[in-house]
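To keep things clear, I will list the structure first and then write my remarks on it.
The values are calculated or read from the model by the stated rules, or taken from the named source; none is laboratory data. As the structure is a computational prediction, the values presented were derived from the model and not from experiment. Reconstructed Cβ throughout: ideal geometry from the backbone, glycine too, with neighbour counts over all protein chains shown.
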Amino acid sequence: MESIIMMVGLFAIMYFIIIRPQQKQQKEHKAMLAALAKGDKVVTNGGLIVEIVKVEEGFFKIKLDKDSEARLAKDAVARKFEDEA
C-alpha cells in the first residue's frame, strides 16, 4: 500500500513540476501565434528578426530586408520581438 501512495505522490510531483508548466507554455505560445498580425516583428528559431507581411494558414509571409521576402512556417517562430530601444 505504501508503494502505491509513493507512486501517486511521485506522479503528482512530476505533473506539477514538469508537465503542467510545459502545457501552460505551449498554450501561451499558441495564443501568441494566433495574435500575430501584419507588421509585427518576430524572432525565428534560427535567431533571425523578421517582419510579417502576410498571415497565411500555416505560414507567414515575411520580409527579410527591403528587397527580399520568404515564407516561414508558424512552428518556426520562437517569440515576438520587443524592441528594447
Within region 49-60, how many residues turn out to be surrounded by 15 or more Cβ atoms within 10 Å (Cβ to Cβ) and within 19 Å of Glu82 (Cβ to Cβ)? 4
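Yes or no, residue by residue, for (1) outside any helix (DSSP H, G or I); (2) loosely packed, with under 13 Cβ neighbours inside 10 Å; (3) out of contact with any Lys or Arg (no Cβ under 6 Å at 6 or more places or on another chain):
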| residue | (1), (2), (3) |
| --- | --- |
| Phe11 | no, yes, yes |
| Tyr15 | no, yes, yes |
| Arg20 | no, yes, yes |
| Gln26 | no, yes, yes |
| Leu33 | no, no, no |
| Leu72 | yes, no, yes |
Show the residue pairs meeting these rules: Cβ distance below 9 Å; 6+ apart or different chains; first residue within region 21-46 and in contact (Cβ under 8 Å) with a residue 12 or more places away in the chain; second residue assigned to a helix (DSSP H, G or I) and not β-branched (Val, Ile, Thr). Leu33/Lys74; Leu33/Asp75; Leu36/Lys74; Thr44/Ala76; Asn45/Asp75; Asn45/Ala76; Gly46/Ala76
Is it fair to say Lys41 is farther than 18 Å from Glu82 by Cβ and either in the same structural domain as Phe81 (by TED's automatic domain parsing) or under 17 Å from the mean Cα position of the chain (by Cα) (or both)? no
Breaking point among (1) part of a loop (DSSP other than H, G, I, E, B); (2) at pLDDT 95 or above; (3) not β-branched (Val, Ile, Thr), for Gly47: (2)
Looking at region 74-85, which of its residues are outside any strand (DSSP E or B) and not hydrophobic (A, V, I, L, M, F, W, C)? Lys74, Asp75, Glu82, Asp83, Glu84
One residue is enough: does region 65-77 have a residue meeting the conditions in contact with a helix residue (DSSP H, G or I) (Cβ under 8 Å, 6 or more places away or on another chain) and basic (Lys, Arg)? yes
Counting only residues in region 50-70 that are of a type in the set (Gly, Ala, Ser) and in a loop (DSSP other than H, G, I, E, B), the one nearest to the chain's Cα centre (by Cα) is identified as Gly58
In this structure, does Lys66 turn out to be surrounded by fewer than 10 Cβ atoms within 10 Å (Cβ to Cβ), basic (Lys, Arg) and on the phi < 0 side of the Ramachandran plot? yes
